[in-house]
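The values are calculated or read from the model by the stated rules, or taken from the named source; none is laboratory data. All values derive from a computational prediction rather than experimental measurement. Here the Cβ positions follow ideal geometry from the backbone for every residue, glycine too, while neighbour counts run over all protein chains shown. What goes into the accessible areas is simple: the full protein's heavy atoms, side chains included, and nothing from ligands, DNA or RNA. Shrake-Rupley method; radii C 1.70, N 1.55, O 1.52, S 1.80 Å.
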Amino acid sequence: MKLASLKHGRDGRLVVVSDDLEGYTDATDIAPTLQAALDDWSGIEPKLRIRAEALARNAVGRQPFRQGDCASPLPRAYQWVDGSAYVNHVELVRRARGAELPPSFWTDPLMYQGGSDDFLAPHAPITLKDESWGCDFEAEVAVVLDDVPMSVSPEEARRHIKLVLLANDVSLRNLIPGELAKGFGFYQSKPSSAFSPLAVTPDALAPHWQGAKLHLPLISRLNGALFGHPNAGCDMTFDFGQLIAHAARTRALRAGTVLGSGTVSNRDPDGSPGRPVQAGGLGYSCLAEIRMVETITAGAPRTPFLKEGDRVQIEMLDPRGQSIFGCIDQTIQCR
């Protein structure tokens, strides 16, 4: 089942979308918003599935679906937490800052709590006041949860994953070192994130959803050119069950919590950090990684951070080439 929130008020208008992304039908008589559906998921989900089945049979009113009409599936959420499940990415980015990777990072995931009151629409611009902030995209997989009890086990946590979506966790790289040096974490360097037009139930991702990981390439394009297509199921040190359990160690998580995987990152088969697409590799899901590889191989980064007019697209296709979540499609806008 595929759900979206069309732009309407602060929290969008819930619709059910066809598997081919060509049509949708209204679902506000079942639940006005996705958050309302998540608040009573066990009661609402069966009704939404009946509506989705009716849409597939053309037995209910159908409208053309346009991704540009979508807000984020959750335009604002009670919580947005982002992990770093791909330790290869963490290692490279820390090396770029001249920091060593502690051994504990392989057993204890990193996580930060981001701003969730103003998610960007999937096709909304990324607005910067200053290009010198060093804007970077970060292509990720994310999950939406129902109510999660405190101290849940990783195995139990998997059952609380109700929806899967894609994320662009925007980073302002040149602001990060100064913030982290204060010893109090990210804030200004982590502006509003964007999410895919569609949120999809895990069963609709079979057989690619296994072990609380999504085993498909995550495609990033920069100014129309393929930038990366690493497999989101590979080199994921911590699955979503482990990430949820980490987030819930000392607190319960409320329905509507969005939890990200961190930047998807693959090593080369020989264990090296990974090669650019142009060199026959799988590429990257952010600019920071290619800049680090350039530093390792050439002594300094050559790839610039995002600038006015640059376009970033993030998408995932099924084996038939059909878009699963729709496309995050954003342009950098300075003001």
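Coupling constants for segment 60-76 follow from the phi torsions by the Karplus curve (6.51 cos²θ - 1.76 cosθ + 1.60, θ = phi - 60°), and in residue order they are 8, x, 10, 10, x, 9, 10, 4, x, 7, 8, 7, 4, x, 10, x, 8 Hz; glycine and proline get x. For segment 77-83, putting each phi into the Karplus relation 6.51 cos²θ - 1.76 cosθ + 1.60 with θ = phi - 60° gives couplings of 10, 5, 7, 10, 10, 10, x Hz, in residue order, rounded to whole numbers and with x for Gly and Pro. Entry note: segment 209-272 has Rg to Rh equal to 1.06, where both radii use alpha-carbon atoms and Rh is the Kirkwood radius.
Couplings 3J(HN,Hα) of segment 323-330, computed from phi: 5, 8, 10, x, 10, 6, 9, 10 Hz, in residue order, whole Hz [Karplus 6.51 cos²θ - 1.76 cosθ + 1.60, θ = phi - 60°; x for Gly and Pro]. Here the extension length gained between residue 254 and residue 187 equals 21.9 nm, from 0.36 nm per residue of separation less the Cα-Cα distance. Per residue, the solvent-accessible area of the chain (1.4 Å probe, heavy atoms of protein chains only, all protein chains present) comes to 43 Å². The amide H of residue 227, built 1.01 Å from its N in the peptide plane, has 220, 221, 222 as neighbours under 5 Å, considering only residues 5 or more places off or on other chains.
Taken over segment 1-50, the alpha-carbon convex hull comes to 65 cubic angstrom per residue. For the chain, lysine pairs separated by 8 or more sequence positions, or belonging to different chains, with Cα-Cα distances below 28 Å total 19.
When each of the peptides 32-43, 230-241 is scored by the mean number of other C-beta atoms lying within 10 Å of its residues, the order from highest to lowest reads 230-241, 32-43.
Amide H contacts of residue 147 (H built 1.01 Å from N, in plane; Pro and chain starts excluded): 255 sit under 5 Å, all sequence-distant by 5 or more or on other chains. Solvent-accessible area of the chain (1.4 angstrom probe, protein heavy atoms only): carbon and sulfur portion equals 49 percent.
The packing ranking of peptides 309-319, 54-64, highest mean first, is 309-319, 54-64, where packing means the average number of other beta carbon atoms within 10 angstrom of each residue.
Building the convex hull from the alpha-carbon atoms of the chain and averaging its projection over directions returns 16.6 nm². Its residues counted as N, segment 62-149 yields a C-alpha radius of gyration over 2.2 N^0.38 Å of 1.40.
Expected output is a single nm value to one decimal: the length gained when fully extending between residue 311 and residue 59, i.e. 0.36 nm times separation in residues minus the C-alpha distance. What is it?
Length gained, residue 311 through residue 59: 86.9 nm.
Its alpha carbons give segment 1-131 an Rg and a Dmax of 19.3, 59 Å.
The listed peptides 99-106, 301-308, 212-219, ordered by packing as a protection proxy, come out as 212-219, 301-308, 99-106 (highest mean of other Cβ atoms within 10 Å first).
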